[in-house]
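S.K.: One structure, pasted below without further comment.
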Amino acid sequence: MTTRVLPVDPLDPEPDAIAAAAGVLRAGGLVAFPTETVYGLGAAALDAGAVERIFLAKGRPATNPVIVHVADLSQLEQVVDVWPESAARLARRFWPGPLSLVLPRRPEVPDVVTAGGATVAVRMPAHPVAAALIRAAGVPIAAPSANRSLRISPTTAEHVLTTLADRIELVLDGGSCPRGIESTVLDLTTDPPTLLRPGLITASELSEILGTRIQLAESGREKRPEPVRSPGLSTRHYAPLAPVECVESSGAARVRQLLAAGHRVGWMGWEGTERVGHGQVEAVAMPRDPAAYALRLYAVLHRFDECGVERIIVEMPPDTEPWRAVRDRLQRAASPA
Ligand code: TXA
Ligand code: MG
């Protein structure tokens, strides 16, 4: 299958392109589309066969459930069985936007979407292309990030094609995603609610709206084998091709050492710090603001993949709440396969 690429205006998507993409989804096909976080790989959520194709295209384990995307509250009612006041409050404050809520599912939601579990993750994306596409499709859309399993999430249409070309029907190319990392995932079926995946909406912001404490899921090494609470929690989920080392201070000494050993090195350092080495080092000066950092993160990792660096050295941001989501993605990138 040849993947079609349709350019769209990210702020005011052309109705023809949206209608074509919605037609593919309604016919059970796969469409990659931009959201404010990363590109999603969409299929009609209530069509089990269509969602199974997402898992095949991505090489995603069946134990990892996918997020269902809705355009309005009536679509929400098709997938969610219970809509507590806590969810309503969070939705009023953060939707449309980069927050996914885990809630009891309706029986109509196919098992493949929820990995057989009793809950479903839902979110209402803010990106005009995503919103227009879901509305035109007229059905809720299941969409994980549009990358092969274990590879870096895509923030451009080119990134999508790097791993999914000829595996999906269509890509809507709406340019770069404006936020750059995946949504915050909050489980509202536990008491207190559990932060399953940190994102740019922080636990304190959620906690403030809810007026309750939020517990943090133990990142990585989950003890329970089955069912997996949120497989995005498993390590090595967003990894570039080269091994990543995170350093809590300057990376200069380690970079010099690797260069001396003859390696090509990718170095994510900070803006305004002095760099060493030339030629064999691909040095990137990262911004000192979490939102700006998140926006660049995956593009830089994709670039390291493209230029074939053999090692990646990352100078870690501070261990404080505003940086939690970025640190989480960097630590996953660094965990051994
Ligand atoms: O920003 C995003 O969330 C992007 C865009 C496309 O919306 N999507 C995304 O999907 O990152 P994916 O499949 O790469 O990550 C979904 C995360 C995983 O960590 C998964 O385990 C968790 O959400 N998840 C999905 N359904 C769940 C459920 N019922 N219970 C617990 N975790 C769930
Ligand atoms: Mg993903």
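S.K.: Which residues, taken from the range 113-129, are more than 16 Å from ligand 2 (Cβ to nearest atom) and open to solvent by 30 Å² or more (accessible area, probe 1.4 Å)?
M.R.: Correct list: G116, A118, T119, A126, P128.
S.K.: A further question follows. What are the pairs with Cβ atoms under 8 angstrom where one residue, in the range 50-71, is of a type in the set (K, R) and the other, located anywhere, is part of a helix (DSSP H, G or I)? Sequence gap at least six, or different chains.
M.R.: K58/L164; R60/I54
S.K.: What residue, among those in the range 229-244 that are open to solvent by 50 Å² or more (accessible area, probe 1.4 Å) and not polar (S, T, N, Q), is modelled with the highest pLDDT? Steps first, answer last, please.
M.R.: Filtering the range 229-244 for residues open to solvent by 50 Å² or more (accessible area, probe 1.4 Å) gives 229, 234-236, 241, 243.
Restricting the remaining residues to those that are not polar (S, T, N, Q) gives 229, 236, 241, 243.
Numbers: R229: 54, R236: 53, L241: 85, P243: 93.
This residue is P243.
S.K.: (1) open to solvent by 10 Å² or more (accessible area, probe 1.4 Å); (2) closer than 25 Å to L25 by Cβ; (3) touching a strand residue (DSSP E or B) at 6+ places or on another chain (Cβ under 6 Å); (4) within 15 Å of ligand 1 (Cβ to nearest atom): which one isn't true of D173, the others all being true?
M.R.: (4)
S.K.: Okay, next question. Could you check, for the range 62-73, whether at least one of its residues is modelled with pLDDT under 95, assigned to a helix (DSSP H, G or I) and out of contact with any Cys (no Cβ under 6 Å at 6 or more places or on another chain)?
M.R.: yes
S.K.: Quick check on my filter: what residues within the range 116-167 are away from ligand 1 (no atom under 11 Å from the Cβ), outside any helix (DSSP H, G or I), farther than 25 Å from F304 by Cα and not small (G, A, S)?
M.R.: Of everything in the range 116-167, those that are away from ligand 1 (no atom under 11 Å from the Cβ), outside any helix (DSSP H, G or I), farther than 25 Å from F304 by Cα and not small (G, A, S) turn out to be V139, P140.
S.K.: Hey, another quick one. Checking the structure you have, find out if any residue of the range 283-294 is farther than 24 Å from P178 by Cβ and surrounded by 13 or more Cβ atoms within 10 Å (Cβ to Cβ).
M.R.: As a first pass, look at the range 283-294 and keep what is farther than 24 Å from P178 by Cβ: 283.
Filter again for surrounded by 13 or more Cβ atoms within 10 Å (Cβ to Cβ), leaving 283.
Yes, some residue in the range 283-294 is farther than 24 Å from P178 by Cβ and surrounded by 13 or more Cβ atoms within 10 Å (Cβ to Cβ).
S.K.: Just wondering, is there one or more residues in the range 100-108 that are of a type in the set (K, R), open to solvent by less than 60 Å² (accessible area, probe 1.4 Å) and either in a loop (DSSP other than H, G, I, E, B) or touching a Leu at 6+ places or on another chain (Cβ under 8 Å) (or both)?
M.R.: Checked against the condition, which is being of a type in the set (K, R), open to solvent by less than 60 Å² (accessible area, probe 1.4 Å) and either in a loop (DSSP other than H, G, I, E, B) or touching a Leu at 6+ places or on another chain (Cβ under 8 Å) (or both), the range 100-108 yields no hits at all.
S.K.: So, in the range 89-100, how many residues would count as being touching a residue at least 40 places away in the same chain (Cβ under 8 Å) and over 17 Å from G40 (Cα atoms)?
M.R.: Residues meeting the conditions: 4.
The values are calculated or read from the model by the stated rules, or taken from the named source; none is laboratory data. Keep in mind the model is a prediction, meaning the values are calculated, not measured. Virtual Cβ from ideal backbone geometry, glycine too; neighbours counted across all protein chains shown. The protein model used for the area step is the full one, side chains on, heavy atoms only, and it has no ligands, DNA or RNA in it. Shrake-Rupley method; radii C 1.70, N 1.55, O 1.52, S 1.80 Å.
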